[in-house]
Structures are given as structure tokens and as C-alpha cells.
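The values are calculated or read from the model by the stated rules, or taken from the named source; none is laboratory data. Just so it is clear, the model here is predicted, and its values are computed rather than measured. FYI the Cβ positions are ideal-geometry reconstructions off the backbone, even for glycines, and counts take in every protein chain you see. Only protein heavy atoms, including side chains, enter the accessible area calculation; ligands, DNA and RNA are left aside. Shrake-Rupley method; radii C 1.70, N 1.55, O 1.52, S 1.80 Å.
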Amino acid sequence: MTLPGTAPNSAPVGEIPLYAARLNAPQREAVLTTEGPVLMLAGAGTGKTAALTARLAHLVATRRAWPSEILCVTFTNRAAGEMRERVAHHLGEAVEGMPWLGTFHSIGAKMLRRHAELVGLQSNYTIIDTDDQLRLLKQLIVENDLDEKRWPARQLAGLIDRWKNRGLNPEDLDAVENEAYANGRGQQFYRLYQDRLKALNACDFGDLLLHMLNVFRREREVLAHYQQRFKYILVDEYQDTNQVQYLWLRLLAQERKNICVVGDDDQSIYSWRGAEVANILRFEKDFPGAHVIRLEQNYRSTPHILGAASGLIDANSQRLGKTLWTEVNGGDKVRVIGVWDAPEEARRVGEDIERLEREGAPLEQIAILVRAQYQTREFEDRFIQIGLNYRIVGGFRFYERAEIRDALAYLRVIAQPQDDLAFERIYNQPKRGLGAKTLEKMHQHARRTGMPLAASSLQLADSDELPARAANTIGGLMRQFLGWREQADKVTPAELLRTVLDETGYNAMLEAEKTAEASGRLENLSELARAMEEYETLGDFLEHVSLVMDNDRANEGEKVTIMTMHAAKGLEFDNVFLPGWEEGVFPSQRALDEGGLASLEEERRLAYVAITRARRRCTILHAANRRIYGQWTSSIPSRFVGELPADHVEEETTLTGGASLWRAGMTEHEDPFAHLARERPARTATRGPGWQRALTTGYDATPKRVRETTRSAASFAANPRTDIAVGQRVFHDKFGYGVVTDQEGNRLEIEFEQAGVKRVIDSFVTVA
């Protein structure tokens, strides 16, 4: 076969262009099979990007299509940029721009600019971000007399995003979907939100494809225009497409059917973002006669790593099937190590990394991949102790996460009420209706008197300086702080934290969101409480956190990578550690509860992705014990451990268990480690004098007022003013002129000429 019209930089080798000659046989087949539907089933590390870009270059080089006649869709701007660079490398000056190469969102936005009027928008519409979306939804919730605490805007935003990912308009929601928000008002709020967006000439990211899908369905001439324009369609990471992306692509490809999709059903791990593995599984039904090309030669990993991964994924029933192989010889077997508990797991990984470093392995080529973010805390603490540099990729370090900082701020105020920065962080978190004006009042009074913010808020709450609602709220918060301070002498730090999170409504706030993100934040808070169980006093723990945070700001140079398995997709490392392979941790119990068998298969795909990140060595660890909610819980190895082929695995037998239990027929309901449970060591609680130096008053439950019960609030101020006395005429910015009728320390009772009798603080008045 002679390929006509090749570009200057793609001179053929014999009858095969140079860019195709460098590929293996299946890759080359995927490049040269240009007509009709093609499914490039590309396993991990099999060079799918090289094949896809070579195919794109081939279409241009052979003049089968101009660049403007090719639609090429990626999932990230980075992937689009890389593809553009590779095509330019293949063809040099033979290609000038590719206007339809980009992400789903960028291409959808470009189309929508041209047809905005068909969906009630102008071409200069604004794309709002997540913060603007939440602000808009909160406005709608307030306007329609709905309790935002019970029905959070973030929950509604998540539902709307899910509906748009599925290609659903407000009128498409069924009764079940409608009931998902505010007892049957989901459709109403979705419609109100869309109407408000149109009034603002705006759309969110979900609209970029949904609007165009609606246009294609209603305006046949618009659809026909794009079907004729795009002679060829190429789609990367097809296994990650959601329903609206799938429907959008299928409509565009129906006329010519020259669509080539590249993906791996075994690496579909994003259902929580709306991805549907069924899209790639039914490609041959959607496009009868599709040419399926399997890329199975792996260029990344050793035979044992590939054998372990392939044997594991074979247990999935919903897959198209392929077997990875490599020309590389030798390599270590996948190690499966059983340890006593999570701290030992972190110690063992740390020791192995130090050994690898001594042997010359660069830290940049070592990764720890966890199932959930909360698992990183144990490794962070251990690595700081031994001075091992690390980085968290795809998220914050454990103690830098917003929910952890909030929890620590509460604990800091309990331990040290003079900590203004901590108090300012949480005085309105969760939301208590205390706005910026209230905070400004507290700051003003604190500056006048030299008092901490907490003490300042106490005095303001017991006066008429603030509106009654704000005063009551602050008073209630201060009563809570007093109660927590009293409990701190009687309970462990971990128990104190759990009480704070419950009584403030912080846990309830996250639970109400009903999102994967909120669930992860709750897990992080549970891990924080677990970490605190190792410390005798609250002061000891806070000191430890301070040292950790200080260490985080130091040390440059090479670092070990810690990240979630989801974030690691597409990456590779010489040495990979996979901790926490126990039932309930991985596979995640929450995922199994919510999704059943489908979620189990996705968890197994995630395990496959994790193993295939390793080039040279892969180590899997499972612990016999985990501390959950203050109790030692015996764990059994993940079922995935038992599904690893024995020929590719090397087990350490320091603990009875591991894959051998599963191979012997052990079920997840049996507990082989019951004898390993340990009692929590007894502890004593001692507390510092922080509260005695500041907030040394108590409170009663008198409505609308915070009352002293132990000593005068005058103890919070430096000294009462000596230029004011009973009978003095004074002026107040808010209440006007009045006469002092009573004085107790720096607190005055004044009969104002217009406002009547009020209690104020002397720093807020001037002598008239």
C-alpha cells in the first residue's frame, strides 16, 4: 500500500511512514486503519499516546483531512498540549494549528459561542466557577425560604452536576431524582438555577456540553453541519467519558462513523465523577463492525508486576479482556507484607525507602499510593520523625487541610484562649450567622482594651453593643468553650475532639453535603482523632502539630511522593508502595455499601491501576489492626490480596494471614486476627493554665444574655476608666447621648435619651 501525499517530515520507510515505522504491529494497525469505527483497547503502559498522535499525524500527512476537519478530544489541557507538540514533531510545518483539538469543555465552549442564541444566551456569555455557583445557589435557597443548613447549596450543586453529566434537563428528572433534594423540590431548584444563569448570561461547566447536546437534538441543521465538518473523530481516555459526553460524541459520529476511541476498560476508576465504563464496553454495539485493536505490549513494568495485575483484574466480569506482556526479563516479585498495625506499616515503608536510598534509588522514583487521603497522616508523621523528605500530590498535607485546620483551631482556643488567630478562624465555622461586622466589633473592642478576641466577644455578648441574635450566638459559643474546657480535665484529647465536632455541628455540616468530598473530609477528621489517641495531653499533641507544620516548610530537593491511587493514574515510578490493603479500607466499605458489585469491580480496577504504576518493584502492605473511633479493630487482608497469582507474589509470613487465608477459603466475615487486639494504654490528663489566664468565667442559660457565675467580667479588661462615674453624661456612636446609672468595672449601665437603658462597655463611650 502506498500512502499518497505524505508531508516532508514523514518520509516513508519502504511503504510505511517514519512516524508509523517506529511503532509495534498493533500500534501501526491502529494508525493505518483510518476508515470506519476503531476501538484502540490500550492497556497500561502500552504506548497509546504514541499511537493516537501518530494516527492524527497520519490523517493530516496523507491529506485525508485538513486539521480543521479533525475533532480530537482529550480530558486535560496538558494532554491536548502534549498531543499538539507530538504532531508538530511528526509533521513539522505541514500542520498549522488544530482548532478542534482540546478538552470536552474547551470544544463545547467554542461551539456554544457560535450558537449561544439557540439556548437563550449571548455569545459573550460568562462561565462561572464553583464559588460563583455556590453563591448563586445559596441566593436561590434563601429566596425560596429553605433552610440552607438542612439542604446545603453544595449538596444541590453536586446533584445538578450529576444531572448535567447524565444529559438531564430539569424537565427530564423523574420522581426519584426530584426527591433527592428538599423533599421533592429538586426539579424546581434546578429550573430556577438554569433560569437565573440565563438571566445573568452565564453558564457553568456542565452547561458547555449539555447546551450543545440540546442544540444537536433540536436543530438538525446545526448537527448536520458538524457531522459534515468532522471527517474524523479521535477520543482519548474513552473509558472516562460520562453520559453527556458519550451522547454528544455519538451524535457527531453517526454520519461518517470515522471515530477512533482510545481507552482501557480496566482503568475506568472515576464513576464518582460521572464516568461510565459501559460507554467503552458497548462501543461495538453502538458502531457495528467496529475494528477492535488491542495494545498489550507493555513498555513500563516487569513481568511479575504485569502478571500480578493481570491475574487480579481477571476476577472482573465486566471487561473486554486483554493480557499485558513485556519483552523485559527478570525483576522482583510483588511483595505482600503483613504488619501489626498502621504505625508499624509506616515504619516498615520508611525503612524500605531508606534502604532503597542507600542503594542509590532516587526519591523522585518512589511513591506511596493510598486509597483514601486520611491514610497519609501516619506516613507524614513517621517521615518527619526520621527526616525523610516527602511531598503530597493532588492535595494538601494532612495538617494543612481545611477541615483539619478548623478542628485544630477549636483545640487551640480550648488550650489557649488568647489565640486570636485560631478564634477568628472558627468563630463562624460552621456558619452561625456572625458576619464581618460582628468580627470588626470584636477586633475594635479587643484593640481598645488589650484583650484577646475570645474575651472581647464575651464582653460584647453581655452588653447591648451587638444585635440580640449575634449576642446570643456568641454567648452560646462561649458556654460551649467553657464546657469543653471543663471536659478536658476528664476525657482524652481524642474524645474531646469528637465532642467538639459533634456539639458544634461540624460533622453534621459535612454529613448534610452528601458528597464524596465531604465523606473524605469526615474520614480525615476521624483520622485526626485517631492520631490524638497517641498523646497524653492536648498540649503535647498541639506541640507535635506545630513541629510538623514547621518541618513542612523546610527541606528542598528530592522527595518521596505520597498520593491517592486515583491521582496516580497516568504516572509511573520505579518503586511503588501500596499500604492499607485490608477489607473495609481497600476495597472501601463505603464504596461497597453505596454501589455493590459495580463498586467492587471499580475498586478492583483501581487496584490494577495502582499496581501498574510500578516499573521495577511493587510492595503491598496490610495491617492486622487498625484503630477506628478509639477502638482497636482486627483487620483481615483485602480480598484483592488473595486474587493475586501466587507465581508472581512473594509473601512475608511475620503474621498469619495474607493471601494464604483467602486461598484457603477464608471469607471476609471471619476474623483471623482477634488474638492480636490490644488494650489502649491508660493515660492521665493534665492541662495548662491557659484558660485561667484568660476566660475564667462560667455561664448560665439565661436567654439572650451571658451571665457571670464565678467572677466579674471586669477581670478580662486591663483597668476600668477613671474618668467616668455614675451620673456622668456620655456619648455612644450607636445609642447617642445618655447618663451613666450604674458602673461595674469597665461595664456601664446607661439611660440613653433616645434608646433607653442599655449596658455597654466603657471603651465605646466618650465623656459628653
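Brief remarks on what is shown
- Beyond 28 Å in Cα-Cα separation lie the following of the pairs 110/231; 110/149; 164/257; 198/431: 110/149; 198/431.
- Taking 37 °C and 0.692 mPa s as conditions, the stretch 415-495 diffuses translationally at an estimated 249 µm²/s according to Stokes-Einstein applied to its Kirkwood radius (Cα pairs).
- Phi angles across the stretch 504-509 convert, under the Karplus curve 6.51 cos²θ - 1.76 cosθ + 1.60 with θ = phi - 60°, into 3J(HN,Hα) values of 7, x, 5, 4, 4, 4 Hz, Gly and Pro given as x.
- If both residues of a DSSP beta bridge must be in the chain, then about 35% of such bridges are antiparallel.
- Rule-of-thumb Rg ratio for the stretch 463-535 [Cα; 2.2 N^0.38 Å; N residues]: 1.35
- About the Cα centre, charge dipole magnitude for the chain (Lys/Arg +1, Asp/Glu -1 at Cβ), debye: 1500
- The length gained on full extension between residue 502 and residue 439, counted as 0.36 nm times the residue separation minus their Cα-Cα distance, comes to 20.3 nm.
- Using the rule -39500 (n - 2.57) for each DSSP H run of four or more residues, divided by the residues of the chain, the 222 nm mean residue ellipticity is -13000 deg cm²/dmol.
- Accessible-area composition of the chain, carbon plus sulfur, in percent [1.4 Å probe]: 48
- Label zone of residue 78 (point 7 Å out along Cα→Cβ, amide N under 17 Å): in the stretch 34-57 this covers 45, 48-50.
- Legend: P(r) of the stretch 285-384 from all alpha carbon pair distances, 10 Å bins from 0, whole percents, reading 11, 29, 31, 19, 7, 3.
- Judged by the gyration tensor of its Cα atoms, with axes a ≥ b ≥ c, the stretch 151-299 is oblate; a/c meets the 1.5 cut and b/c is at least as large as a/b.
- Ranked from largest, the principal axis spans of the Cα set of the stretch 21-80 equal 31, 27, 22 Å.
- What the Cα convex hull of the stretch 211-350 gives, in volume per residue, is 169 Å³.
- For the peptides 409-420, 360-371, the ranking by packing is 409-420, 360-371, with the highest mean count of neighbouring Cβ atoms within 10 Å listed first.
- Prolate/oblate/rounded label for the chain (Cα gyration tensor, a/c 1.5): oblate
- Per residue convex hull volume, Cα atoms of the stretch 65-167, in Å³: 140
- Amide N of the stretch 481-522 lying under 18 Å from the label point, which is placed 7 angstrom from the Cα of residue 593 along Cα→Cβ: 502, 507-522
- Average accessible surface area per residue within the chain, 1.4 Å rolling probe, Å²: 42
- When each of the peptides 603-609, 749-755, 567-573 is scored by the mean number of other C-beta atoms lying within 10 Å of its residues, the order from highest to lowest reads 603-609, 567-573, 749-755.
- Among the chymotrypsin sites (Phe, Trp or Tyr not before Pro) in the stretch 81-155, none is located in a DSSP loop while being surrounded by at most 12 other Cβ atoms within 10 Å of its own Cβ.
- Kirkwood Rh (inverse of mean 1/r, distinct Cα pairs), the stretch 296-450, angstrom: 20.6
- Cα gyration tensor category, rounded, prolate or oblate, for the stretch 237-297 with a/c compared to 1.5: oblate
- The chain: relative contact order in percent, alpha carbon pairs under 8 Å with at least 6 residues between: 14
- In whole percents, the pair-distance distribution calculated for the stretch 135-202 from its alpha-carbon pairs, binned every 10 Å from zero, is 21, 59, 20, 0.
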